[in-house]
Structure formats: structure tokens, C-alpha cells
1. Would you be able to say whether some residue in the range 46-57 is among the aliphatic types (A, V, I, L, M), part of a loop (DSSP other than H, G, I, E, B) and surrounded by 14 or more Cβ atoms within 10 Å (Cβ to Cβ)?
2. If you go through the range 211-228 one residue at a time, how many are hydroxyl-bearing (Ser, Thr, Tyr) and either at positive phi or not in a helix (DSSP H, G or I) (or both)?
3. Confirm whether residue 141 is in contact with a strand residue (DSSP E or B) (Cβ under 9 Å, 6 or more places away or on another chain) and under 19 Å from residue 261 (Cβ atoms).
4. Return only the number of the condition from (1) over 22 Å from residue 364 (Cα atoms); (2) among the hydrophobic types (A, V, I, L, M, F, W, C); (3) open to solvent by 70 Å² or more (accessible area, probe 1.4 Å) that residue 341 does not satisfy.
5. Taking residue 230 as the residue in question, decide whether it is within 30 Å of residue 312 (Cα to Cα) and basic (Lys, Arg).
6. Scan the range 502-525 for residues that are out of contact with any strand residue (DSSP E or B) (no Cβ under 6 Å at 6 or more places or on another chain) and modelled with pLDDT under 90 and jot them down.
7. Given the options 501, 495, name the one that is aliphatic (A, V, I, L, M), within 20 Å of residue 461 (Cα to Cα) and open to solvent by 10 Å² or more (accessible area, probe 1.4 Å).
Amino acid sequence: MTASAPDPATSAGASLPDFLAGGAPVREAAVPADGAAATVPLIPSAGRPVAVLLVMSLVLTLLLFAWAAWDHHRRVWDDAREQVMDVTHVLEEHAGKIFSIHATSLRYVERLVGDAGWKDVAGDSRFYDRLREIWQASPELESVWVVDTTGIIRVNTVQWPTPALDVSDREYFRAQLKPGAGIFIGQQLRGRISGAPFLPISQRMETRDGRFNGVAQLSLKPDYFIAFYRSLFSADPKTMMLVREDGALLVREPAPADGGLQQGFYPELLKTPEDATGTFILTSPIDGVQRLYARRKVPNLPLFVLYGITTDSIAKEWEDRALIYAAVAVPASLALMLVAWIAIRRSRDLARAGQILRHANTLLEARVADRTRHLDRALAEREMLLRDTHHRVKNNLQVVSSLLQLQASMNPALRPALGDALRRIHAMGILHEQLHRASDVDVVQLDRVITALAREIDHIHQGEGHAADHPRRVTVTLDVAPLETDLTASVPVTLVLNEVLSNAFKHAYPGGRAGTLAVTLRREGAEGVLIVADDGVGMPDTPAGTGRKSLGQLLIDAFTRQLRGKFFYETATPGTRFTLRFPLG
């Protein structure tokens, strides 16, 4: 069918539904008096609504970009604060252990000296040997020194016999002249004999009547702390420090490249107030770099540890992510502007231009939202994969168990055999349930598996035993010591226990007899010992070489060979005692 030409009267008053349906409203151009010019349909300009839409879309894009950038900025700084707090805690524990150990060493040196005369101390090589034992036991020690009341070194671990050396000018000696000075930790010095840098730790020695009796001093290697700090993180853009409570710098990583001594007083490192998160921002008085710091005091010592991350590195991490957002927002905005320009240029196809604009806007919102949710989605996927791995084996065993139960219900003749198979599968399921709950899949808490399996077998054969019409006739007792092994050993041990306990329930107490089943697990040297003892009717007397082994007996033989262990049955009075010995993985 051919459409007729639009009437000027109706064209001029075309409705909005007609416009949306594809028929653009038109108005007739002016016609010259001579009628020579034909009528030309004109489409009203779409520039204003498109411009409004363009502005709104750009504003929305900028708002989404600004929100995403702000949210990531907050998360980056929260992660940085959490990191500096965690690392500072590790540094505080490390420093506390090191200095506590050496405080004990200083007290030991004081007891060695006691009230002995200094001539005896300096001339006795056995005293030197004792100090060497302390030095050799601690790789972080540079040397051990004993100084008399005048500041003369009497014994050290560097040379024997000890040369005369006056250290009365050293701070670590002068600090101990006052009673009750306690442990003193000095700034880095350079040894007058070895020439190596060291951190002095000293303690005042006293006689039994409380008189000054010299100084015991340990020299720590600054390189030991620097190596430990470098093992945690690279030096740039992070810094770690040991600072005395008066602001004296003891050790700092990064260390000077020329190997010089680290000295100086920086009390602002300790006086700058912390915010609610326990961190603070400070421009370092050492190198002039602004950092986010956290600090902790070492308990019972005049010592603080500090850890800092440069604010520039935190800002760069945020800027890198913001550039990703910008890489999405800017091209999308340019595409939107291009669509708007095309829409204005092509006013005759206003409807199609609107569709392109809406499509571009939808695409923009989807891409920005996708970038914003990227980290949360990745975390959720990783967690889902981990859970799927944990449950896969257990679910597969459940499927096999359900299929066997269905087969048993359809064929009663197979129920006894299928029942045994179901119990074996259930034993494997209990083992995998314990593995799923464990934090370390390489180590199996065998005692927990044995306990869970024994209770489950008891439940299968006797029910819960709380109802009056179904009393519990056999009591199961457990004497299970904590025992760890690997997965290779735990599987056959579990299956052996399943066979032995099931056989005891089925054969040891015929005719509804009552009794007690005892399960014992313990360690004997490098072996695990599993014992199942019953007080039932005992094993039947079977002449050697006669009869055929049951499937359960064959499985016990096979699993024991797999364990490289050994088992044996003993006749008890009354009942039977089964013992399995196996090497621990």
C-alpha cells in the first residue's frame, strides 16, 4: 500500500505519539507568491533537549567518577592504616623478645661476676669462656663486655687476654653510675677494637650490700635489625625505626648507603599525637619525607618502634586506580558528546539519535559500575571457589551414598552388603568433614576423626538410645589422646576402625547381649596405637588354614599394608582385643 502525501493542516498539528512512532512532525515552509517553489518539510531543532541531556549525562558521569574515586581513596587509606598498625605490632613483638632475652643475659653476667675480685675475673679464662658461650648463642650479638667501677674493660669476647681500654667516657657506662638506672640502650657507636658499629645495652652491677660493682654491657649488631626489617618489606617507600623514649634514633631502615652510624634526636616522632586509628602523619625530621606512621612502646623498656609508609606512595596507589576510572569515564563522555553532536546535526533522525544517546548512557553506567564493583566481585569469586573445593568430595560421597541407599531399597537381598558399603562411605564422609573444618588440610587431627566415627557407628547400630522402647545395650567408651597425622595415614586408619567396630557390634553381642566397647588411641614413640576391645562372646575357634577371609578382614589386611603397620587380635577374658600399630605421617 502506498501512503498518501501528508496534509499540511494535519502535519502542522502532529501529536507526540505520532512523532515517537516515527512520523516526525513537520510544518510547511513559506511558499513564494508565484508558487514556483515546492513545499519543504522542516523538522524542529533538537539541539536544546539534546544539550540538556548531554549536560545531565556528563554531570552524572562526573558524579559517578567522583564517588568511585572518593570511595577508593577512603579504602586505600584505611588499608594503609591497617597495614602500618599490623606491621608495628610485629616490630614491637620482635624488639620485645630480643631485648628481653639480652636483659636476662646481662643479669646472668652480673651473677657471674658476683663479689669476685676484678683481678680474679680478668685473669680467669673460664669467665671469658662463659661470656663466649653467651655471644655464640646469639647471632645478633657483636660482643660482650664487663667493665669495672673505674670504666676499664676487664673481660670481653673480642680478645683474650683483654687489653686495657678505658670506656668511662661512654654514655652506656655513665648512665649506670646512678643507682636504679635499669637497662640502658644507647645510640650506635663504633667499636674501639673491632671498628664495627654496635648498639650498646648496659646494666649496673652491684655487690650484695648494694655498692656499685661495674657495668655489664652487650653490643648488638645494627645490621641484624636492618636485615630483619628488609625481610618484611623493601625499604622504599616504607621505613622502620627503633627510637629511645627521649627521641634518640637507634636503628632505621633504610640505612645510610655509606654505612655510617645512625644517630640524632627526633622527639617529634614520639610527641606527634595519634588519630582515632592509632596512626599519625608527619614530615620526617630525618629525610623530610611525609609519611603515615604508627608507633608502639616496647613493654618494660624505654623503647618505641615506628613504621611508616610515604603518603606519596599511598596517593599514587589511589591515583593509579583513579586513572582506570578516568580511562572509562573520559572515552564514554567523549562518545556521549559525539552522539549529541550527531543528534544535533541530524535533526531529521531525532528518534534514532535519542536511542543512541540512551544506549551510550546505559553503556557508560554499566562500565563505571562494573569497574566500581571489580574488587568485591573478585573477592566473592575466590571465596566461592574455595568453598566449592571444600564441599566437592563430601558432596560426591553423599551422592554415592544416596545411590546405594536407593539400590538397597529396591533390592532387599542386597541390603546387608550395601549397608556395609554405606558405612564405609560414611566413614570417609566423616573424615572429609573433619578435613573441611580443619584450618590445615595437610595435618589431620586423628583423635577428632576417631571420636566422630565411633559415635556415628554407635548411632547407626544402636540409635540414640534415649527412648524407652529402644534402650542402648552396648556402651562405647573412648580414651583418645590428641594425635596428628597426615591424610595418607588417616584414611586407612579410619577405614580399619570402621571395619573393626562394625564387626564388634554385629558379632560380639549376639541375642541382644549388653556390654562395653572400648576404643583407645595413643602415641608410642613414632607409632600410633589404635585398640578396640570388647567384652563379648569372643572370636570363634577356627582351625588354621580353614575358612575364607571375609571382605572386612581383607580390607583390614589391605589397609594395614598400606599403612606399613601391623595388627593382631587377642583373646581377652572375656571378649576380643584388636590392636593396630602404624607409623605416624
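The values are calculated or read from the model by the stated rules, or taken from the named source; none is laboratory data. Remember, predicted model here, so these are calculated numbers, not experimental data. FYI the Cβ positions are ideal-geometry reconstructions off the backbone, even for glycines, and counts take in every protein chain you see. The protein model used for the area step is the full one, side chains on, heavy atoms only, and it has no ligands, DNA or RNA in it. Shrake-Rupley method; radii C 1.70, N 1.55, O 1.52, S 1.80 Å.
1. Filtering the range 46-57 down to residues among the aliphatic types (A, V, I, L, M) leaves 46, 50-56.
Filter once more, keeping what is part of a loop (DSSP other than H, G, I, E, B): 46.
The next check asks that each one be surrounded by 14 or more Cβ atoms within 10 Å (Cβ to Cβ); those that pass are 46.
Checked against the condition, which is being among the aliphatic types (A, V, I, L, M), part of a loop (DSSP other than H, G, I, E, B) and surrounded by 14 or more Cβ atoms within 10 Å (Cβ to Cβ), the range 46-57 yields at least one hit.
2. At the first step, the residues of the range 211-228 found to be hydroxyl-bearing (Ser, Thr, Tyr) are 219, 224.
If we keep only those that are either at positive phi or not in a helix (DSSP H, G or I) (or both) as well, we get 219.
Total meeting the criteria: 1.
3. On the way: in contact with a strand residue (DSSP E or B) (Cβ under 9 Å, 6 or more places away or on another chain): yes; under 19 Å from residue 261 (Cβ atoms): yes.
So residue 141 passes the test.
4. Result: residue 341 passes all but (1).
5. On the way: within 30 Å of residue 312 (Cα to Cα): yes; basic (Lys, Arg): yes.
It is true that residue 230 is within 30 Å of residue 312 (Cα to Cα) and basic (Lys, Arg).
6. Within the range 502-525, the first condition is being out of contact with any strand residue (DSSP E or B) (no Cβ under 6 Å at 6 or more places or on another chain), and the residues that meet it are 502-503, 505-507, 510-514, 523-525.
Those that are out of contact with any strand residue (DSSP E or B) (no Cβ under 6 Å at 6 or more places or on another chain) and modelled with pLDDT under 90: 502, 503, 505, 506, 507, 510, 511, 512, 513, 514.
7. Details: 501 fails: open to solvent by 10 Å² or more (accessible area, probe 1.4 Å).
Just a single option satisfies the conditions, and that option is 495.
Here's the yes/no breakdown for (1) part of a helix (DSSP H, G or I); (2) open to solvent by less than 30 Å² (accessible area, probe 1.4 Å); (3) modelled with pLDDT of 85 or more:
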position	(1), (2), (3)
133	yes, no, yes
143	no, yes, yes
150	no, no, yes
155	no, yes, yes
159	no, no, no
163	no, no, no
176	no, yes, yes
179	no, no, yes
192	no, no, no
